[in-house]
1. Quick check on the stretch 30-48. Is at least one of its residues within 18 Å of L11 (Cα to Cα) and without any contact (Cβ under 8 Å) to a residue 12 or more places away in the chain?
2. Restricted to the stretch 15-72, and to residues that are hydroxyl-bearing (S, T, Y) and surrounded by 14 or more Cβ atoms within 10 Å (Cβ to Cβ), which residue is nearest to the chain's Cα centre (by Cα)?
3. Look at L12 and say whether it is under 25 Å from the mean Cα position of the chain (by Cα) and hydrophobic (A, V, I, L, M, F, W, C).
4. Look through the stretch 175-194, keep the residues that are of a type in the set (K, R) and at pLDDT 70 or above, and return whichever of them is surrounded by the fewest Cβ atoms within 10 Å (Cβ to Cβ).
5. Looking at the stretch 73-93, which of its residues are more than 16 Å from G16 (Cα to Cα) and open to solvent by less than 50 Å² (accessible area, probe 1.4 Å)?
6. Find all pairs meeting these conditions: Cβ atoms under 7 angstrom apart; at least six residues apart or on different chains; first residue within the stretch 134-159 and in contact (Cβ under 8 Å) with a residue 40 or more places away in the chain and open to solvent by 20 Å² or more (accessible area, probe 1.4 Å); second residue outside any helix (DSSP H, G or I) and among the β-branched types (V, I, T).
7. Looking at the stretch 36-63, which of its residues are farther than 24 Å from S18 by Cβ and of a type outside the set (D, E)?
Amino acid sequence: MTQESIELSALLQRCGHSDAEAFAELYDRTRTRVFGLVLRVLQDSGFAEETTQEVYLQTWRTAASFDPARGSAVTWLMTLAHRRAVDRVRAEQAHTQREIAYGARILGHEYDEVIEEVERKLEHQAVVVGLRTLTETQREAISLAYYDGRTYAEVARHLDIGLPTVKSRIRDGLTRLKKSMGVPASLGGPIRERAVHIPQRM
C-alpha cells in the first residue's frame, strides 16, 4: 500500500467519526479524480458537478462503512462515484421516457407530434442539452409538470406564484425547447396553451 493510500484511508476513517477537517482534506485530495470519472460517464459538466457533490455528501454520510481490509479508500470512493453517475444516467433516461409518455397521454395532439419528431431525431443527450437552454424558472415549471406529473394548479401552489405565470412559463419553455432541439417551427404549428393543457384534479 502506498503512502497516499494509507493517508486517504486514515482520512476516510476519520470522516466516519464526523471529522470535518478530515473530510475537507479528503475532498481536496480526491475531487479531481472523482469529477473526472463522473464526467466520463455523464458527458455533461453541469450534471457531473452536481453528481460529484452528491458523491461527497454520500461519502460523509456513509464513511463509517468503509473497511480498509476490503480495499483502498480511492477504490471505495471511485466505486461510489461510478454508481452515482450510472444512477444519474438512468434517472435522466427515465425522465425523458416519462415526458414522452405523459405528453402522449395528456398534453394533446400537437405536443404528441413534437415528441414523436424529437424521438426520431434526437438521442437522450440532445434532450438533456435542450433542457439546459431553458431559463431556471422554465425548467423548474416544466420539470414539476411533466416529470412529477403535477397539474398547473399544483405547480402554482408549489412555486407560490400565479396560475397564469405557470402557464406562461411552461408554454414559453416548450417553445424554446422545441427550437433548441431543431424541431421545425411548422411542425404542429405554434405551441398554444391548449397544447399543453393539464386537466385540473380535484
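The values are calculated or read from the model by the stated rules, or taken from the named source; none is laboratory data. Being a predicted model, the structure only gives us computed values, none of them experimental. All Cβ positions, even for glycine, are placed from backbone atoms using ideal geometry, and neighbour counts span all protein chains on display. With ligands, DNA and RNA removed, areas are computed over all heavy atoms of the protein, side chains included. Shrake-Rupley method; radii C 1.70, N 1.55, O 1.52, S 1.80 Å.
1. Let us first name the residues in the stretch 30-48 that are within 18 Å of L11 (Cα to Cα), namely 30-34.
With the extra rule that they be without any contact (Cβ under 8 Å) to a residue 12 or more places away in the chain, the set shrinks to 32.
For the stretch 30-48, residues within 18 Å of L11 (Cα to Cα) and without any contact (Cβ under 8 Å) to a residue 12 or more places away in the chain: present.
2. Applying the filter and picking the extreme gives T51.
3. On the way: under 25 Å from the mean Cα position of the chain (by Cα): no; hydrophobic (A, V, I, L, M, F, W, C): yes.
Criteria not met by L12.
4. Keep residues of the stretch 175-194 that are of a type in the set (K, R), which gives 176, 178-179, 192, 194.
Next, from what is left, pick out any that are at pLDDT 70 or above: 176, 178-179.
On the way: R176: 19, K178: 22, K179: 13.
Out of the qualifying residues, it is K179.
5. First, pick out the residues of the stretch 73-93 that are more than 16 Å from G16 (Cα to Cα): 75, 78-79, 81-93.
M78, A81, A85, V86, R88, V89, A91, E92, listed by residue number.
6. none
7. Within the stretch 36-63, G36, L37, V38, L39, R40, V41, L42, Q43, S45, G46, F47, A48 meet the criteria.
Conditions tested, residue by residue: (1) assigned to a loop (DSSP other than H, G, I, E, B); (2) at pLDDT 80 or above; (3) farther than 23 Å from D44 by Cβ; (4) in contact with a Phe, Trp or Tyr (Cβ under 7 Å, 6 or more places away or on another chain).
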{"residue": "V118", "(1), (2), (3), (4)": "no, no, no, no"}
{"residue": "L131", "(1), (2), (3), (4)": "no, no, no, no"}
{"residue": "T137", "(1), (2), (3), (4)": "no, yes, no, no"}
{"residue": "E140", "(1), (2), (3), (4)": "no, yes, no, no"}
{"residue": "T165", "(1), (2), (3), (4)": "no, yes, yes, no"}
{"residue": "I170", "(1), (2), (3), (4)": "no, yes, yes, no"}
{"residue": "G173", "(1), (2), (3), (4)": "no, yes, no, no"}
